[in-house]
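The values are calculated or read from the model by the stated rules, or taken from the named source; none is laboratory data. Predicted, not measured: the structure shown is a model, and the values here were computed from it. Cβ atoms come from the backbone with ideal geometry, glycine included; neighbour counts cover every protein chain shown. Surface areas here come from the heavy atoms of the whole protein model, side chains and all, with no ligands, DNA or RNA. Shrake-Rupley method; radii C 1.70, N 1.55, O 1.52, S 1.80 Å.
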Amino acid sequence: MLLGCIADDLTGATDLAIMLTRAGMRTLQVMEVPRVGDGRLAGYDAIVVALKTRTSPVAEAVDLSLASAEALLALGAKQLFFKYCSTFDSTDAGNIGPVAEALMAKLGADLAIVCPAFPTNKRTVFMGNLFVGEVPLAESPMKDHPLTPMRDSNLVRVMQRQSKGRVGLVPHPVVEKGRVAIAEAFAAAKGRGERFVVVDAITDRDLIEMGAAAADMPLITGGSGVALGLPANFIAKGLMKAAEAPTSMAAPQGRAAILAGSCSEATRGQVVAAKAAGLPALEVDPLALADGRQSAETVLAWIGQQPKDKPFLVYSSADPAGVKSVQDKLGREAAGALVERTLAAVAQKLVATGTTRLVVAGGETSGAVVNGLGISALEIGPEIDPGVPWTRVAGWQWATEGQAGRGRDLVLALKSGNFGAPDFFLKAWAKLA
Ligand code: ADP
């Protein structure tokens with residue numbers, strides 16, 4: 001194992017895992033702190049630990065990140081990567097600064113880079129300022145995020161407020177000169193006593209040059225875009241050969257299902273397209289769940305009546321007006337929890353009765369389903385659309401004893417709500433063999 005990654009949320013971890021897979025690293029994503037000595041973790045170039053620490057209390061985020069780091073190092077990691085969101089989701093209390101500093105102390109690192117840039121997704125950093133598309137971070141919708149409102153676009157200041165060590169900048173005119181100039185800037189930053197440098201990046205080339213300059217840094221911190229430049233370092237050192245990125249994934253025979261709990265625009269479009277194409281579809285209404293007209297049992301009874309040879313869709317996706325009216329009646333949290341619990345219960349029963357191919361739409365919804373199945377690791381397979389791969393529950397072995405996923409061979413596509421083309425639910429199956 002070469003690169004040990006610690007991600008602060010589930011879909012972010014997958015995002016990173018795909019980047020590494022695309023660049024030729026055999027990658028496993030695990031949903032808990034890995035256990036050293038677990039033979040199932042052998043044979044990978046990179047392991048990505050998906051934590052849920054983005055908004056947890058600082059001490060908890062630090063403890064879980066340190067425990068993950070310890071395990072990854074014991075498994076042989078030569079470099080650690082702390083992955084956070086490309087919009088730098090955090091507050092003045094953390095958790096990016098405190099986690100990064102704890103990891104640096106653990107590694108004895110004297111300088112780490114800070115770079116959430118992901119040009120493909122229109123996240124760029126220029127003169128230390130993060131842009132989302134054409135607007136600075138603080139003018140993007142992130143300014144109103146319920147948990148981590150981002151009201152300052154200058155990452156040097158943002159990082160400084162949540163760190164004890166000094167934060168500096170490697171500005172774009174230096175980055176543009178390439179890896180040697182960037183490495184010199186790192187040395188100069190160390191000379192000034194800086195502990196972090198925000199590194200500008202507005203193109204993929206910038207990220208690749210930055211990656212090369214950071215080849216010998218024990219800790220990298222950044223968004224998944226930074227992963228673009230890292231695999232080449234290990235290849236150049238003769239530590240690994242690039243594997244072909246998978247174009248299809250072997251999947252066990254069995255029934256195929258789509259569960260959609262996302263109300264994002266892309267998912268709603270995918271629901272419309274799936275229905276138009278004639279997939280059997282059942283709408284779940286949170287109000288009906290609340291008063292007992294619908295339940296996991298009624299959904300399963302409907303599924304029992306559908307043809308077994310084609311995928312079916314169960315969805316709660318509604319437009320903003322529909323969501324608002326449900327939330328006004330049930331409360332936002334309660335409505336979400338009701339749908340998540342129901343879809344997770346449906347998934348448990350389906351998997352226990354022979355469904356082996358499952359598409360789940362929605363980040364929170366995916367988390368609920370994965371937890372409900374007790375799944376602890378996913379092998380990354382081919383990408384269906386940018387950012388969404390098929391994954392396999394690595395044989396039967398990756399689910400917790402006593403949970404629905406235990407003993408099952410299963411492929412899963414966990415789709416963040418806004419990802420994927422309109423025909424996602426229709427075309428995903430063609431990548432399975
Ligand atoms: P996304 O990735 O699009 O944000 P998530 O699954 O993360 O999707 O979040 C969607 C949330 O909305 C979940 O908590 C889900 O249970 C909830 N939800 C789903 N359908 C409805 C609905 N019709 N009304 C209100 N809330 C809903």
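For the chain, the longest principal axis of the alpha carbon atoms and the long axis of helix 320-330 meet at an angle near 80°. Highest mean packing first, where packing is the average number of other Cβ atoms within 10 Å per residue, the peptides 205-212, 185-192 line up as 205-212, 185-192. Among the listed pairs K122/K143; K349/K431; K143/K431; K241/K310, which have their C-alpha atoms separated by more than 28 angstrom in this model? With Cα atoms farther than 28 Å apart: K143/K431; K241/K310.
DSSP bridge analysis restricted to the chain gives an antiparallel fraction near 30%, rounded to the nearest 5. Derived scalar couplings between HN and Hα for the range 304-313 equal x, 8, 8, x, 7, 9, 9, x, 10, 10 Hz in order, rounded to whole Hz, by the Karplus curve 6.51 cos²θ - 1.76 cosθ + 1.60 (θ = phi - 60°), x for Gly and Pro.
On the range 27-144, 55 percent of the accessible area sits on carbon and sulfur atoms, based on a 1.4 Å probe.
Rounded to the nearest 20 debye, the dipole magnitude of the range 173-278 is 340 debye, with +1 charges on Lys and Arg beta carbons, -1 on Asp and Glu beta carbons, and the Cα centre as origin.
Surface analysis of the range 265-390 yields an accessible area of 41 Å² per residue, using protein heavy atoms and a 1.4 Å probe. V175 sits among other residues whose Cβ lies under 15 Å from its own Cβ, and their net charge, with Lys and Arg +1 and Asp and Glu -1, is -3. How far is helix 265-276 tilted off the main Cα axis of the chain, in degrees rounded to 10, range 0 to 90? The two axes meet at around 30 degrees. Computed about its Cα centre, the charge dipole of the chain is approximately 540 debye, with only Lys, Arg, Asp and Glu carrying charge at their Cβ.
Dipole size of the range 21-68 about its Cα centre, with +1 on Lys/Arg Cβ and -1 on Asp/Glu Cβ: approximately 220 debye, rounded to the nearest 20.
Roughly how many Å is it from the Cα centre of the range 20-51 to that of the range 137-151, as a whole number? A separation of 32 Å, based on Cα centres.
Packing here is the average count of other Cβ atoms within 10 Å per residue, and on that basis the peptides 72-80, 257-265, highest first, run 257-265, 72-80.
Which of rounded, prolate or oblate describes the range 118-191 when judged by the alpha-carbon gyration tensor and an a/c cut-off of 1.5? Oblate.
Whenever you get a sec, compute what percent of the accessible area on the range 280-433 sits on carbon and sulfur atoms (1.4 Å probe). That fraction is 52 percent. Against the criterion of solvent-accessible heavy-atom surface with a 1.4 angstrom probe, K308, K106 sort, most first, into K308, K106. Seen through its C-alpha gyration tensor, with square-root eigenvalues sorted a ≥ b ≥ c, the chain comes out prolate because a/c lies at 1.5 or above while a/b is bigger than b/c.
Contact order for the chain, expressed relative to its length and based on alpha carbon pairs under 8 Å spaced 6+ residues apart, stands at 16 percent. What the phi angles of the range 279-289 give under the Karplus curve with 6.51, -1.76 and 1.60, with θ = phi - 60°, is a coupling list of 5, x, 9, 10, 8, 9, 10, x, 5, 5, 5 Hz, glycine and proline written as x. Take each peptide in 50-58, 353-361, count the other Cβ atoms within 10 Å of every residue, and average; sorted highest first, the result is 353-361, 50-58. Other residues with beta-carbon under 14 Å from the beta-carbon of A277 carry, at +1 per Lys or Arg and -1 per Asp or Glu, a net charge of +2. Amide hydrogen proximity for V198: with H placed 1.01 Å from N in the peptide plane, the residues at 5 or more positions away or on another chain lying under 5 Å are V114, G168, L169, V170.
With the full set of protein chains in place, find how many percent of the accessible area of the range 166-272 is carbon and sulfur; take the probe as 1.4 Å. Answer for the range 166-272: carbon and sulfur cover 56 percent of the accessible area.
Compute the helix-to-body angle for 332-352: its Cα long axis versus the longest principal axis of the chain, expressed 0 to 90° and rounded to tens. Tilt of helix 332-352: around 70 degrees. When the Cα convex hull of the range 317-401 is projected onto planes of every orientation, the mean area is 6.6 nm². Residue-wise HN-Hα couplings along the range 249-263, as the Karplus relation 6.51 cos²θ - 1.76 cosθ + 1.60 with θ = phi - 60° gives them from phi, are 9, 5, 10, x, 5, x, 6, 10, 9, 10, 10, 10, x, 8, 10 Hz; Gly and Pro carry x. Quick one: grab the alpha carbon gyration tensor of the range 177-226, order the square roots of its eigenvalues as a ≥ b ≥ c, and give me rounded if a/c is under 1.5, else prolate or oblate depending on whether a/b is larger than b/c. Prolate.
Would you work out which of A7, A46, C263 lies farthest towards the positive end of the dipole of the chain? Charges go on Cβ: Lys and Arg +1, Asp and Glu -1. Projecting each Cα onto the dipole axis, the largest value belongs to A46.
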